[in-house]
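Here the structure comes first, spelled out in structure tokens, and everything after it is commentary.
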Amino acid sequence: MKTILKTLPALALLAFAAPANAQHEDPILSLPEGQVILNISAEERREVEQDLLVGTLSYVVTDRNASKVQNDINTVMAKAVEAAKATEDVKVNTGAYQVHETTDQRSKEKQWRGQQTMTIKSMTSENILELSGKLQEMGLTMDALNYTLAPDTAVEVQDSLMEAALEQLQERANRAAKALGKSGAELREVNVNSSGIPYQPMMRASSMKMEMASDSMAAPVAAAGETTLTLNVNARAILKP
């Protein structure tokens with residue numbers, strides 16, 4: 001009895017240890033005879049014309065009277081938003097509204113400075129450019145104007161890239177199988193990685209600020225560029241005997 005009692009714990013340890021060792025077993029060693037594991041990848045890249053024009057403008061006021069500063073901002077921005085909403089196919093939103101006291105470096109005179117920004121965007125660039133000219137005539141300054149790729153367009157293109165990349169991946173796996181004398185290839189554990197929409201640097205409109213002093217305000221000009229979208233896929237393929 002003493003010998004049996006001493007042996008049982010050792011047997012139990014072996015029984016519980018076996019499944020743990022099985023979990024770490026190399027999958028290649030458990031493959032049916034004739035099968036081969038292949039790690040493979042493919043990439044698709046496309047240049048897409050930017051189709052969304054985004055403009056950022058601001059209205060800035062400086063005066064000794066804080067109430068006048070705020071009233072001027074409220075009045076002008078209300079007209080600006082109304083004009084934007086009345087423009088077809090244009091989306092508008094207002095940004096930061098800030099009012100703070102400043103001191104002139106030379107005269108030491110205290111003044112109030114206020115500012116509010118607004119962003120307009122549309123896939124109809126002509127409407128954005130015409131509206132921008134009107135807003136500049138109201139006294140707003142064009143801070144930035146840039147083209148980018150609309151999110152819906154990016155998703156559509158990325159789906160197309162995914163389909164093409166998966167077809168390329170399967171074709172490469174089949175060619176590898178043929179080169180190794182196998183009957184075919186089945187993809188396993190497919191991973192899809194998209195680059196997303198690259199950051200589009202804002203075009204600073206410093207020249208437009210300088211033109212604010214002119215009597216007649218011409219509408220700004222913008223030309224669309226291209227955005228590069230990249231998508232890659234990688235997978236583990238099983239090459240059949």
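The values are calculated or read from the model by the stated rules, or taken from the named source; none is laboratory data. Worth saying up front: this structure is predicted, and the values here are computed from it rather than measured. Every residue, glycine among them, receives a Cβ derived from its backbone with ideal geometry; neighbour counts consider all protein chains shown. To get the accessible areas, we keep the full protein, side chains included, count just its heavy atoms, and leave off ligands, DNA and RNA. Shrake-Rupley method; radii C 1.70, N 1.55, O 1.52, S 1.80 Å.
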Selection status of A218, surrounded by 14 or more Cβ atoms within 10 Å (Cβ to Cβ) and either at pLDDT below 95 or assigned to a helix (DSSP H, G or I) (or both):
no
In the set R113, R172, the lone residue that is closer than 26 Å to A237 by Cβ and surrounded by 12 or more Cβ atoms within 10 Å (Cβ to Cβ) is R172
The number of residues in the range 62-93 that are at pLDDT 95 or above and part of a strand (DSSP E or B) is 3
Open item on the list: For the range 23-46, check the following and say yes or no: at least one residue is modelled with pLDDT under 80 and either of a type in the set (S, T, N, Q) or surrounded by 15 or more Cβ atoms within 10 Å (Cβ to Cβ) (or both).
Closed with: yes
Quiz item: Hey, does the range 124-145 have a residue that's open to solvent by 30 Å² or more (accessible area, probe 1.4 Å), under 30 Å from L231 (Cα atoms), outside any strand (DSSP E or B) and among the aliphatic types (A, V, I, L, M)?
Solution: no
Out of (1) modelled with pLDDT under 95; (2) part of a strand (DSSP E or B), the one E171 does not meet is (2)
From the option list T62, T87, T103, T94, single residue qualifying as open to solvent by 40 Å² or more (accessible area, probe 1.4 Å), under 25 Å from A224 (Cα atoms), of a type in the set (V, I, T) and without any contact (Cβ under 8 Å) to a residue 60 or more places away in the chain is T94
When every residue in the range 197-215 that is out of contact with any strand residue (DSSP E or B) (no Cβ under 8 Å at 6 or more places or on another chain) and assigned to a loop (DSSP other than H, G, I, E, B) is compared, the one modelled with the highest pLDDT is D215
Restricting the range 175-194 to residues that are of a type in the set (G, A, S) and surrounded by 15 or more Cβ atoms within 10 Å (Cβ to Cβ), the one farthest from A164 (Cα to Cα) turns out to be A177
Q116 fails exactly one of (1) in contact with a Phe, Trp or Tyr (Cβ under 9 Å, 6 or more places away or on another chain); (2) within 27 Å of T227 (Cα to Cα), namely (2)
